[in-house]
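To start, the structure itself, in structure tokens.
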Amino acid sequence: QVQLVESGGGLVQAGGSLDLSCAASGTILRVYTWAWYRQAPGHQRELVAQISRDQVRDYQDAVKGRFTISRDNVMNIVYLRMSSLKPEDTALYYCSGDVQANDQEGYRTYWGQGTQVTVSS
């Protein structure tokens, strides 16, 4: 069984920074794509950023230049550095990982429980 656990959310003033992390544990051979999503009240969950195993990154336009996604392939952790935060970044942030448990199986997508980010104006 694989678990993803996020940490690092909180309350920050507009213009500030926060670092999120998400660690995978359990039976893991490798993690392919990691991603961060967010969901604000009354809105659908949306992709914020993703990073492939070979470090190809992709960002939502609204966060380009402000957020940075990175990963540690040894420790199976993904990070999201958020800078120049805006009130509209307020949301519940989720990580997801495409995890392969062993060579006999393909990958499955797992989700973290979510961590709240609140940006005050």
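Couple of notes before you dig in:
- The range 69-121: C-alpha gyration tensor shape, a/c 1.5 cut-off, then a/b vs b/c: prolate
- Accessible area (Å², 1.4 Å probe, nearest 10) - VAL2: 10
- The equivalent ellipsoid that matches the C-alpha gyration tensor of the chain spans semi-axes of 26, 14, 12 angstrom, in descending order.
- Most mobile listed residue (VAL56, VAL31, VAL12) in the chain, GNM with C-alpha springs under 10 Å: VAL56
- Cα centroids of the range 64-96 and the range 28-53: 9 Å apart.
- Mean separation of Cα pairs under 8 Å and 6 or more residues apart, divided by the residue count, gives the chain a relative contact order of 36 percent.
- Label point distance in nm, SER120-ASP103, each placed 7 Å from Cα along Cα→Cβ: 5.5
- Label point distance in nm, LYS64-GLU46, each placed 7 Å from Cα along Cα→Cβ: 1.4
The values are calculated or read from the model by the stated rules, or taken from the named source; none is laboratory data. These numbers were taken from a predicted model, which means no experiment stands behind them. Because the Cβ atoms are built from the backbone with ideal geometry, glycine has one as well, and the counts that use them run over all protein chains shown. All accessible areas refer to the heavy atoms of the entire protein, side chains included, with ligands and DNA or RNA removed. Shrake-Rupley method; radii C 1.70, N 1.55, O 1.52, S 1.80 Å.
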